[in-house]
Structure formats: structure tokens, C-alpha cells
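One structure below.
The values are calculated or read from the model by the stated rules, or taken from the named source; none is laboratory data. Owing to the predicted nature of the structure, the values given are computational and were not obtained by experimental measurement. Here Cβ is always computed from backbone atoms with ideal geometry, including for glycine, and neighbour counts include all displayed protein chains. What goes into the accessible areas is simple: the full protein's heavy atoms, side chains included, and nothing from ligands, DNA or RNA. Shrake-Rupley method; radii C 1.70, N 1.55, O 1.52, S 1.80 Å.
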Amino acid sequence: MDKIRKCLFPAAGYGTRFLPVTKSMPKEMLPLVNKPLIQYGVEEAMAAGMNGMAIVTGRGKRAIEDHFDISYELEHQIAGTDKEWLLGDIRHIISECTFSYTRQIEMKGLGHAILTGETLIGEEPFAVILADDYCVTEGDGVLAQMVKLYEKYRCSIVAIEEIPREDTRKYGVIAGDLEAENLYRVREMVEKPDPAVAPSNLAIIGRYILTPDIFDILRETPPGRSGEIQITDALMTQARMGNVLAYKFQGRRFDCGSIEGFMEASNYNYTNVYKRPR
Ligand code: G1P
């Protein structure tokens, strides 16, 4: 099966940078104005033709499940009022998508979180969204851009952007050979390298398309940076066989994993994205 139908959302992290708000609230539920971060991710996946949302959660994340479900009491309260339109988008999402969940019991890295999601994905290519990378685009969303590439190249694809060299410690960094405009065939990828040894300033951002052999590779991937199982290391195994592309996406990313990026995204969203009452 080749069409990408499912999108995996690793959502088990503690969100310690946002404490105390993340003490009892999942960081994926932090709002940009009036929608939680993870909803923007789900909307991006839907716009790329996916309707199976696979969410890897952990303890204290039940608000995510409740968000993507009907609230009968609320529906009853606002039916027929001038507030009803506010639920339009989320109602549409709930009716078009299926949501499945599994819990990551121990925090052993992004690679481990993705492997935990295997049970929800099975043997098919899939997308991954890290909801704290919020992306805005003028045309197609980032995942839709990547799905088009997948249809042509049929291999794993990571989204990248140029970053200042001193920031390489925050990201997976790639080096590769130009395959087409804005597209590299990956030769090397390193998780959070020192600027002095980083292979380039092209950083991976939180959008991936992965072929399902990644699960077997992840099972064999030893802990890497920070003692965690890194998706970057597993992808390097695919890249050695020439099977990973890196795509410089069209659009703008906000790092909502940091307070500064989150505030910038909130302001941008309030001015440019937020739908005002009619
Ligand atoms: C993860 C990945 C890293 C990637 C980043 C994008 O890191 O491990 O390769 O560049 O997401 O946001 P994290 O931000 O979870 O530390």
C-alpha cells in the first residue's frame, strides 16, 4: 500500500520548558490563540490527504483524547447560539478522521516514541508531525508538499531549513547532494552536533515521511545523543542505502517548543490566521 493515510504524533514529552502550565496540561494542548498546537498538526495532515491520526501519549495526556471527541454537554449548551460556529473546525476533524492512541511508558527519545507507534501504523509509509514545530505556508502545507515528493521518490523524507550555524546543537543536521531544486539526497545526518563539527547548517524540522522498514531499524538502533534512541540515527541507516531525501520546505516555521517561538507564533497567528467572530 503506497498512499500515505496515517500521521503519527509523538506527544508524550513533559514540556518542562513551559512549567508550571504543563504540570497538569499536555504541552500539545497549549493554544495559539484559540486552537491547541496539536490541532494545527492534525489539520496539516488532513490537508495532505491523511485521516488516520496516531497519537503516542503518556501519563497526564487525556486532554488530547477529550479534545478529539464529542462533548455532548457542550454541544447541547451551544446548539443554536451564535457561538456554535466556533466548534465547526473541530467537528469537521472528528467526523473525517479516526484517532488512535498508545502510551509511551518510558521516555527514551523520539526514535523510541516513533517505535512505540508501530502498533498504530503497521506496515505502511506514514508521516510524523512534531506539533511544537508550527508551520505556516502560502500554498500547500508542509506535509502536502512532502507527500507530492513521496509519490515521486518513494523513500523517507525529512523537512529541513537553514539555521544559524551556532544553533546546530538544537537539531538533527544533514548533509547531502542536490537532487532537484530544494531537495537533497542525504549522505550524512547527525543529531544535535557541535557547530564546529556539524556537516552543514541544514536542520531537520518536525515533519517526516517514513517508510515502514524504519521500525525494524529503530529496534536495532542503540541509544545515541543524550542516551536516547534517535530517529536521526535510524534514518542514517536508511540514508546509507541512498533512501532518505531532505526537503527545504516552502513556508515558515515557529519553534513552539521554546517560550520565545511560542509567543512569536501566537502573535503571528492572532494577526494572520485566527478567524474572528462574524
Ligand atoms: C527532535 C529531533 C531533531 C529535530 C527536532 C526538530 O529534537 O530529534 O533531530 O531537529 O526534533 O524540532 P527535539 O526538539 O525533540 O529535541
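Key figures for this structure:
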quantity: Residue satisfying all of: in the range 225-255; β-branched (Val, Ile, Thr) and away from the ligand (no atom under 11 Å from the Cβ); most open to solvent (accessible area, probe 1.4 Å) among these; calculated: Thr237
quantity: Residue list for the range 105-132, restricted to those being open to solvent by less than 60 Å² (accessible area, probe 1.4 Å) and within 13 Å of the ligand (Cβ to nearest atom); calculated: Gly109, Leu110, Gly111, His112, Ala113, Ile114, Val128, Ile129, Leu130, Ala131, Asp132
quantity: Any hit, the range 134-143, residues being under 26 Å from Phe18 (Cβ atoms), within 12 Å of the ligand (Cβ to nearest atom) and in contact with a strand residue (DSSP E or B) (Cβ under 6 Å, 6 or more places away or on another chain); calculated: yes
quantity: Cross-chain or 6+ apart pairs with Cβ under 6 Å, the range 159-187 first and farther than 20 Å from Met236 by Cβ, then within 13 Å of the ligand (Cβ to nearest atom); calculated: Glu162/Asn201; Arg165/Asn201
quantity: Conditions (1) part of a helix (DSSP H, G or I); (2) open to solvent by 30 Å² or more (accessible area, probe 1.4 Å): number failed by Ala45; calculated: (2)
quantity: Tally, over the range 1-32, of residues that are closer than 13 Å to Cys256 by Cα and not in a helix (DSSP H, G or I); calculated: 4
quantity: Breaking point among (1) assigned to a helix (DSSP H, G or I); (2) within 13 Å of the ligand (Cβ to nearest atom), for Pro193; calculated: (1)
quantity: Residue count, the range 51-91 (criterion: outside any helix (DSSP H, G or I), of a type in the set (D, E, K, R) and open to solvent by 60 Å² or more (accessible area, probe 1.4 Å)); calculated: 4
